[in-house]
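Asker: This is the structure I want to talk about, given as structure tokens.
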Amino acid sequence: METGDVKRSLEDMVADDEIATATNDALRMLQRGDGAWETIWTQRDLILESVIQSGQISEADAVRFRADSEAWENELKFIWSELKKQAAATATTAETAEL
């Protein structure tokens, strides 16, 4: 494996770890009930740049979301909705395990 390949692999692992950490933080926030949409919306530009840098969206989507804040808002709302569903499922699983 070449040095450039190793560096890219390490960068990918760090990006994946950051995404996993952010997702887990969001799930915990949702489970505690303090996951206000306003918090997400105030960080929308930072979230967009992070998602773009991590390669989670296509270049075309990156261009579209940067140019169209309504499209990015709709995408964030969809992501937020999915995270809330995941948090609810995680909480249900945890409650079932306690029984």
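Asker: Quick check, is Ile57 surrounded by 12 or more Cβ atoms within 10 Å (Cβ to Cβ) and either modelled with pLDDT of 95 or more or assigned to a loop (DSSP other than H, G, I, E, B) (or both)?
Answerer: yes
Asker: Let me ask you something else. Evaluate the range 72-94: report whether one residue or more is surrounded by fewer than 13 Cβ atoms within 10 Å (Cβ to Cβ), acidic (Asp, Glu) and at pLDDT below 65.
Answerer: Looking for residues that are surrounded by fewer than 13 Cβ atoms within 10 Å (Cβ to Cβ), acidic (Asp, Glu) and at pLDDT below 65, one finds none in the range 72-94, hence no.
Asker: Separate question: Check the range 41-50 and report whether any residue there is part of a helix (DSSP H, G or I), at pLDDT below 70 and closer than 25 Å to Ala88 by Cβ.
Answerer: no
Asker: Within the set of pairs 6 or more residues apart or between chains, which connect a residue that is under 14 Å from Thr42 (Cβ atoms) inside the range 67-83 to a residue that is among the hydrophobic types (A, V, I, L, M, F, W, C) and exposed (fewer than 12 other Cβ atoms within 10 Å of the Cβ) with Cβ atoms less than 7 Å apart?
Answerer: Close Cβ pairs (under 7 Å, with a partner that is among the hydrophobic types (A, V, I, L, M, F, W, C) and exposed (fewer than 12 other Cβ atoms within 10 Å of the Cβ)) amount to Trp80/Trp37.
The values are calculated or read from the model by the stated rules, or taken from the named source; none is laboratory data. What you see is a predicted model; the values in this text were computed from it and never measured. With ideal geometry, Cβ positions are generated from the backbone for all residues, glycine too; neighbour counts draw on all protein chains shown.
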